[in-house]
Amino acid sequence: MRFLSYLRKGVPGTVVALGFASLFTDFASEMIYPLVPAFLTDVLGAGALALGVIEGIAESTASILKVVSGWWTDRTARRKPFVFAGYGIAGVIRPMMAFATTWIVVVAIRFVDRVGKGIRTAPRDALITDVTPPENRGAAFGVHRSLDHFGAVIGPLAAALLLWLGLTIRQVFFAAVIPAIAVIAIISRFVREPDRRQTPAADRPPVLRRWRDFGPGFWRLMAAVFVFTLGNSADAFLLLRLTAAGVSLVWVAVLWSLFHVVKMGANLVGGRLSDRVGRKGLILAGWTIYALVYLGMAVTSDVALLIGLLLVYGTYFGLTEPVERAWVADLAPADLRGSAFGYYNAAIGIGALPANLAFGGIWAAFGPGPAFLTGAALAAVAGLLLTGVPESAEADPGLGTR
């Protein structure tokens, strides 16, 4: 009960409902995701470069669509329809991975799955900001991300159990349809949005022409996030690193679950801590941890050390995921929050394709060491750029009217 009280403290019910929707979505997704590298290599005969193509296209698609949905949600002054459609599309298409016969089919399925993610993410984050007092934004995003990661804890465990019981990878993929049904029910019943259609935001402003309203501080943050993303390859490469070192498929699924336990706890603490001590320092700490983990992945092949690095890597997410989102909300005009989260995700998405293609190409040509070293170096450069970003809108005189 104390945990639930801590979870709900200062966090609106709609945020908690969105958190549980993300929980069941990640339950389904993470039944599949940790098995994809082995599915590609062992079943479909693809390699690291194919994995880079798949993850790069998937994440870039999602992030570019987040810009469109961000503009659209500000234009219509509605959030929930986008959230409902995005989660629904992903829930229907994801289990179709069970019927893939080539890696090209996997690309198509991941593409549609990420279309759903692209439609829902910016409106969902804007809705969280709409219903949450400014002083609790870090906590709200921390709770949402924590519940999201709890789904990623139980998803791999469910996959490992089903594999242990004798199901094939394809059968595990198809079983992911079950938690997807719960997502639709939660959004329909428990997610509420404030009526924004009678506010100035509903006057249908020309959002594409209002980029100057964000101010230079916001765009400096986007530049730093973009550079960091260029070195931020898909987490599937960490799983590939473990399997290449000899970790079994079942243990990969278990370790992926433990990794998300760390992420879950770190998000709860990191989000609330940022409300008290500020955003910039925590993100810098998170990016430093990321660089050190990638450096470690580059120089060791010891299984125990690789497992330890994977778990430490989970703390990076708690210091960045909720904190970056809260910082975006702090710097954005109130009537352009959807667009702000769209631009934020665009900075990630535009860098995702070259990041994953480069990482997969470097791995294929020179091995995993140089690939991980490249990621560590780019994280260090991004940290330097971040130092020029103001902590708040009040410290950024170029910001438009809020």
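The values are calculated or read from the model by the stated rules, or taken from the named source; none is laboratory data. In this text, all values refer to a predicted model and were calculated from it rather than measured experimentally. FYI the Cβ positions are ideal-geometry reconstructions off the backbone, even for glycines, and counts take in every protein chain you see.
Scan the range 277-292 for residues that are part of a helix (DSSP H, G or I) and in contact (Cβ under 8 Å) with a residue 60 or more places away in the chain and jot them down.
So in the range 277-292, the residues part of a helix (DSSP H, G or I) come out as 277, 280-292.
Answer for the range 277-292, where residues must be part of a helix (DSSP H, G or I) and in contact (Cβ under 8 Å) with a residue 60 or more places away in the chain: Lys280, Ile283, Leu284, Trp287, Thr288, Tyr290, Ala291, Leu292.
I'd like to verify a number: residues in the range 160-196 that are among the hydroxyl-bearing types (Ser, Thr, Tyr) and buried (at least 16 other Cβ atoms within 10 Å of the Cβ), how many?
Filtering the range 160-196 for residues among the hydroxyl-bearing types (Ser, Thr, Tyr) gives 168, 188.
Now drop any that are not buried (at least 16 other Cβ atoms within 10 Å of the Cβ), which leaves none.
Counting residues in the range 160-196 that are among the hydroxyl-bearing types (Ser, Thr, Tyr) and buried (at least 16 other Cβ atoms within 10 Å of the Cβ) gives 0.
Which of the numbered conditions does Leu311 fail, given that it passes all the others? Conditions: (1) closer than 22 Å to Phe150 by Cβ; (2) touching a residue at least 60 places away in the same chain (Cβ under 8 Å); (3) under 21 Å from the mean Cα position of the chain (by Cα).
(2)
Right, Ala224: modelled with pLDDT of 85 or more and either closer than 16 Å to Leu310 by Cα or buried (at least 21 other Cβ atoms within 10 Å of the Cβ) (or both) or not? Give the steps one after another, and end with the answer.
Numbers: modelled with pLDDT of 85 or more: yes; either closer than 16 Å to Leu310 by Cα or buried (at least 21 other Cβ atoms within 10 Å of the Cβ) (or both): yes.
Criteria met by Ala224.
Looking at the range 155-195, which of its residues are assigned to a loop (DSSP other than H, G, I, E, B) and not charged (D, E, K, R)?
Residues of the range 155-195 assigned to a loop (DSSP other than H, G, I, E, B): 165-168, 176, 191-195.
Hits for the range 155-195 are Leu165, Gly166, Leu167, Thr168, Ala176, Val191, Pro194.
Among the helices (runs of 4 or more DSSP H) lying completely within the range 1-117, list those that include at least 1 residues that are at pLDDT below 70 and either closer than 18 Å to Asn345 by Cα or in contact with a helix residue (DSSP H, G or I) (Cβ under 7 Å, 6 or more places away or on another chain) (or both). Step through it out loud before you land on a result.
On the way: elements: 2-8, 13-32, 48-76, 80-93.
So the answer is 2-8, 48-76.
Determine which member of the set Leu384, Leu336, Leu373 is without any contact (Cβ under 8 Å) to a residue 12 or more places away in the chain and either under 22 Å from Lys66 (Cβ atoms) or not β-branched (Val, Ile, Thr) (or both).
Within the list Leu384, Leu336, Leu373, the selection yields Leu384.
Considering only the range 298-402, give the helices (runs of 4 or more DSSP H) lying wholly within it that have at least 2 residues that are of a type in the set (Phe, Trp, Tyr) and either surrounded by 18 or more Cβ atoms within 10 Å (Cβ to Cβ) or at pLDDT below 85 (or both). Steps first, answer last, please.
Working: elements: 303-331, 337-366, 368-386.
Fully inside the range 298-402 and qualifying: 303-331, 337-366.
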